Amino acid sequence: MNVKIEESWKRALGAEFEKDYFVKLTDFVRGEYMSGRAVYPAPKNIFNAFDLCPIDDVKVVIIGQDPYHEPGQAHGLCFSVLPPTPVPPSLVNIYKEINDDLGRPSATHGDLTAWARQGVLLLNATLTVRAHAAASHSGKGWEQFTDAAIRALAGRDNIVYMLWGSYAQRKAEFVDPTRNLVLKCVHPSPLSAHRGFFGNHHFSRANEYLAAHGRTPIEW
């Protein structure tokens, strides 16, 4: 199957594209886009997280669950939205922690493309969603595909995994913490951020770890 995805990821994940689950997933997603329903993100952005961050460049992995499902939001990077969409509440809290942790002023927009280009894999577990219907494309095969992506990375060393919330922590539970930096806390959602997201210092800890292992820190 000819999947349009960045070449290094195509090599790493090529076996997945021929498996029955991925063929069925492709048929399902294609049918959703052709049905006349609104589906997000735009087809060209489904693999945006991979296209912006080749596998050899990955320094940090942040795992989300589902794309944003309202118009003008999702563009293939977890937690990220394109201007002029207002910054979502969870990202507001992420920016607040960056400001408190690093003393860096918060961005005025929600576009995290600059992070991705520096080596932050902003990976949702499910890569598509029907408009106004959270988790509408879950259980269709995307989770198996993104598990394979994380497993492809798990064979490498000195990557920082920021696992916010129980879902992300389960998703990457096989990552070896002796070979990587695994940072865990609650999700940055307003419902939980006050229970341990604020004050986690994940961003400074990530940069200290990267620098200690000869990798360029992230400009958060």
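The values are calculated or read from the model by the stated rules, or taken from the named source; none is laboratory data. Quick caveat: nothing in here was measured; it's all calculated off a predicted structure. Reconstructed Cβ throughout: ideal geometry from the backbone, glycine too, with neighbour counts over all protein chains shown. With ligands, DNA and RNA removed, areas are computed over all heavy atoms of the protein, side chains included. Shrake-Rupley method; radii C 1.70, N 1.55, O 1.52, S 1.80 Å.
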Problem - 1.4 Å probe accessible area per residue over the chain, in Å² - result: 46 Å²
Exercise for the section: Can you tell me the 0 to 90 degree angle between the C-alpha axis of helix 202-212 and the longest principal axis of the chain, rounded to 10? Expected result: 80 degrees
Exercise for the section: May I ask for log10 I(q)/I(0) of the chain at q = 0.10, 0.15 Å⁻¹, from a Debye sum over the Cα atoms as equal point scatterers with solvent left out? Expected result: -0.42, -0.98
Problem - Pairs of lysine residues in the chain - Cα separation under 17 Å, sequence separation of 8 or more or cross-chain - result: 10
Completion exercise
On the formula 1/(1 + (r/R0)^6), with r taken between the Cβ atoms of VAL92 and ASP57 and R0 of 22 Å, the FRET efficiency rounded to 0.05 is 0.20
Practice task
Identify which of ALA74, ALA114, ALA206 has the largest mean-square fluctuation in a Gaussian network model of the chain, with springs joining Cα atoms closer than 10 Å.
Solution key: ALA114
Fill in the blank from the handout: Here, ASP20 and ASP111, labelled 7 Å along Cα→Cβ, have an inter-label distance in nm of 4.4 nm
Practice task
Just need the relative contact order of the chain here, percent rounded to a whole number, with Cα pairs under 8 Å and 6+ apart.
Solution key: 23 percent
Exercise for the section: Can you send over the carbon and sulfur percentage of the accessible area for the chain, probe radius 1.4 Å, protein chains only? Expected result: 52 percent
Handout entry: Debye, to nearest 20: dipole size of the chain, +1 on Lys, Arg Cβ, -1 on Asp, Glu Cβ
Key = 180 debye
Problem - Pair ARG30, ASN2: separation of 7 Å Cα→Cβ label points (nm) - result: 1.2 nm
Fill in the blank from the handout: the chain, Gaussian network, Cα under 10 Å: of HIS69, HIS202, HIS132, the residue fluctuating most is HIS132
Fill in the blank from the handout: With Cα springs under 10 Å, the Gaussian network model of the chain assigns the largest mean-square fluctuation among GLU208, GLU143, GLU97 to GLU208
Fill in the blank from the handout: Longest principal axis of the chain (C-alpha) makes with the long axis of helix 20-34 (C-alpha) an angle, in degrees to the nearest 10, of 80 degrees
Problem - Charge dipole of region 88-148 about the Cα centre (unit charges at C-beta), most positive-ward option of THR146, LEU91, VAL129 - result: VAL129
